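Everything on this sheet refers to the single structure shown next.
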Amino acid sequence: MTSVLGQGSTFRIAIPLGKAHLDPDRIGKPPEDGSTSMTPAAFVEEALRWLPDEPQRDGQAPDRPDSGTLPDRPAAEAERLAEAVQLTQAAQLKQKPRVLWADDNADMRAYVRRLLGDRFDVAAVPDGKAALEAARARKPDLVLSDVMMPRLDGFGLLRELRADPQLCEIPVLLLSARAGEDARIEGMEAGADDYLIKPFSARELLALVESHLKMSRLRREANEAIRRGERNAGLLASIVQSSDDAIVSKNLEGIIMSWNQGAERLFGYTADEVIGKSINMLIPPDRIEEEPGILARLRRGERVDHFETIRVRKDGSRLNISLTISPVKDAQGLVVGASKIARDITERVRQEQALQIANAALHQANADLEQFANSASHDLQEPLRILRIYSELLGETFGGQLGQTGDEFIRHIAEGATRMDNLLRGVRTYMQISAADDPPLEETEAGEALNRTLLNLQAAIEESGASITVAALPRVRMHEFQMEQLFLNLISNAIRYRNGVPRIKIAAGFEDRNWLFSVQDNGIGIEPRFKEHIFGVFKRLHSSEYAGTGMGLAICQRIIERAGGRIWVESEPGNGSTFYFTIPAAEARSRAD
Ligand code: ADP
């Protein structure tokens, strides 16, 4: 090629003359005389079968006087006509198997077409080259070819067909007048599916074509099934490969048979490093006793689900994994191995452990705090008692002598002592609840607990003029003193945080396996943002105007928590509050246990 940018290119092609430079094998041989190996008798016999109205078509020489004559002209005309008709029919009947017939003998072509035309869509061509072109233009189901033909002979055609990936599977039957075992062997060696020696009987040809078509169809179906299987297997393999989880298979001896990319990532070994080796290489020494158990379960056909354990990576680091192992069965249903999916749960286990540690620390801190509060509340009782006794003594002994201010100081001391006493009592109650078994086996009559509480609160009720409405109350699984504490704190709050004359309603109902209690008042109400805050220890909202310890709701919360229920408030400032708490019903609890 010579070329100038912007001006164009010239491509020159040199083709040598003559054939001296060519590979002798590739030079077409001049056609041999096809008749040389054919005995005249066989030729005559074959020729006789070409006759259109031949009563006997099985290759036997017909027993008639004009035996040995060739078809006359009108017969030949009729034959060509028939040939044309058959061609059209064949084109119409596309479902017929397509047979490509290559023979340089026009009469032979017509004969075979007539012979096969009923059952097959026959395309007849005069030589190997034409056959190859026809085959490439439209793929036949079977090729019948004469061996000796001009341009490209039968062997050449066979070679070309076999070399073409599109056509290599087509069955090829060679026909030749060259009799003898050698010729047949040569044909078969060249890759022909069969070799037929002329003259052959019509029945023989038909049977052969039929059987090869059938074989080729079966082969094609089998190949297609294999390809489908391979496609499915390929799809499955790519799913397995691309999975994030490690997917590994092993045999019943624990030898690794397959290893996906997920496994490479998780364990750090490549497939080459582990396939054929024992799965034990992944198991740390302290877990090695797990494997025989797993293999035994698999042999019994059992599955191992979400088995959490530890494995080791190539770098020796330990890995928390969750294993799901399923037995793999062969076509007979025999367990031959196992497939397992391993998921890395290291992070989850680490978080769980961190949570456990944090929980344990929290429990310890709580226990320490409770221990401190417990001993403090007890230890403070004694100095508090002294404070009270001496403030009383002070009042009794020097009452009136200290003047108004002195009396007021003594009153402050006494009030402080009472307040502190209340606080300590609250703390002790809180501790008592924490120490009680939960929940008790015996049930408490809530109504009776309420009556005892109301009796205790009688002075406050009378003083405030409170009206208290009580609906029927159930029996609940709770310690009596706890039930009383609940009512005591909630009702005394309803009286204390009042807004005029307190109207208090106490009710209970059954809801979703729980007893739901409510204590409703018409008091000052609570701002929504403090709805949770008020249940904390020493948490108070109205400390300047109302006396209190900030322990009441904390005690209630603790009681309900221990009973497995829930406590909350619904309220609007100025519009009263309703405190709700649930206690799991006894039946529901025993069912859950
Ligand atoms: P206290 O001894 O202060 O009453 P509690 O734990 O019983 O302690 O209550 C905490 C705070 O919740 C109270 O200080 C009060 O502000 C508020 N509170 C409790 N019950 C009611 C109620 N029925 N109506 C309005 N406010 C309430």
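Descriptive notes on the structure:
- Answer from 107, 118 - the residue that is open to solvent by 30 Å² or more (accessible area, probe 1.4 Å) and assigned to a helix (DSSP H, G or I): 107
- Residue count for segment 553-583, restricted to those that are away from the ligand (no atom under 13 Å from the Cβ) and assigned to a loop (DSSP other than H, G, I, E, B): 3.
- Restricting 169, 230 to residues that are in contact with a helix residue (DSSP H, G or I) (Cβ under 8 Å, 6 or more places away or on another chain), open to solvent by 90 Å² or more (accessible area, probe 1.4 Å) and not assigned by TED's automatic domain parsing to the domain that holds residue 257 narrows the list to 169.
- The one condition in (1) open to solvent by 30 Å² or more (accessible area, probe 1.4 Å); (2) assigned to a helix (DSSP H, G or I) that residue 253 fails to fulfil: (2)
- Selection from segment 218-257 of residues that are in contact (Cβ under 8 Å) with a residue 12 or more places away in the chain and within 19 Å of the chain's Cα centre (by Cα): 240, 241, 242, 243, 244, 245, 246, 247, 248, 249
- Candidates are the residues of segment 123-161 that are open to solvent by less than 10 Å² (accessible area, probe 1.4 Å) and assigned to a loop (DSSP other than H, G, I, E, B); the one that is farthest from residue 96 (Cα to Cα) is 147.
- Scanning segment 468-491 for residues that are within 11 Å of the ligand (Cβ to nearest atom) and either open to solvent by less than 30 Å² (accessible area, probe 1.4 Å) or without any contact (Cβ under 8 Å) to a residue 12 or more places away in the chain (or both) yields a count of 3.
- Residue 456 in contact (Cβ under 8 Å) with a residue 24 or more places away in the chain, more than 14 Å from the ligand (Cβ to nearest atom), open to solvent by 50 Å² or more (accessible area, probe 1.4 Å) and under 26 Å from residue 543 (Cα atoms): yes
- Scanning segment 241-250 for residues that are among the aliphatic types (A, V, I, L, M) and open to solvent by 30 Å² or more (accessible area, probe 1.4 Å) turns up just one, 247.
- The number of residues in segment 525-552 that are touching a Lys or Arg at 6+ places or on another chain (Cβ under 7 Å) and either more than 7 Å from the ligand (Cβ to nearest atom) or not hydroxyl-bearing (Ser, Thr, Tyr) (or both) comes to 3.
- Entry remark, segment 295-322: residues being within 23 Å of the chain's Cα centre (by Cα) and farther than 16 Å from residue 343 by Cβ number 3 in total.
- Verdict on residue 435 being within 27 Å of residue 370 (Cα to Cα), more than 16 Å from the ligand (Cβ to nearest atom), modelled with pLDDT under 95 and buried (at least 17 other Cβ atoms within 10 Å of the Cβ): no
- Residue within segment 502-514 that is under 15 Å from residue 568 (Cβ atoms), open to solvent by less than 80 Å² (accessible area, probe 1.4 Å) and more than 9 Å from the ligand (Cβ to nearest atom) present: yes
Table: residues versus (1) within 60 Å of the chain's Cα centre (by Cα); (2) open to solvent by 70 Å² or more (accessible area, probe 1.4 Å); (3) more than 27 Å from residue 552 (Cα to Cα).
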site	(1), (2), (3)
364	yes, yes, no
384	no, no, no
391	no, no, yes
403	no, no, yes
409	no, yes, yes
414	no, no, no
424	yes, no, no
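The values are calculated or read from the model by the stated rules, or taken from the named source; none is laboratory data. Just so it is clear, the model here is predicted, and its values are computed rather than measured. Glycine gets a Cβ as well: all are built from the backbone with ideal geometry, and neighbour counts include every protein chain shown. What goes into the accessible areas is simple: the full protein's heavy atoms, side chains included, and nothing from ligands, DNA or RNA. Shrake-Rupley method; radii C 1.70, N 1.55, O 1.52, S 1.80 Å.
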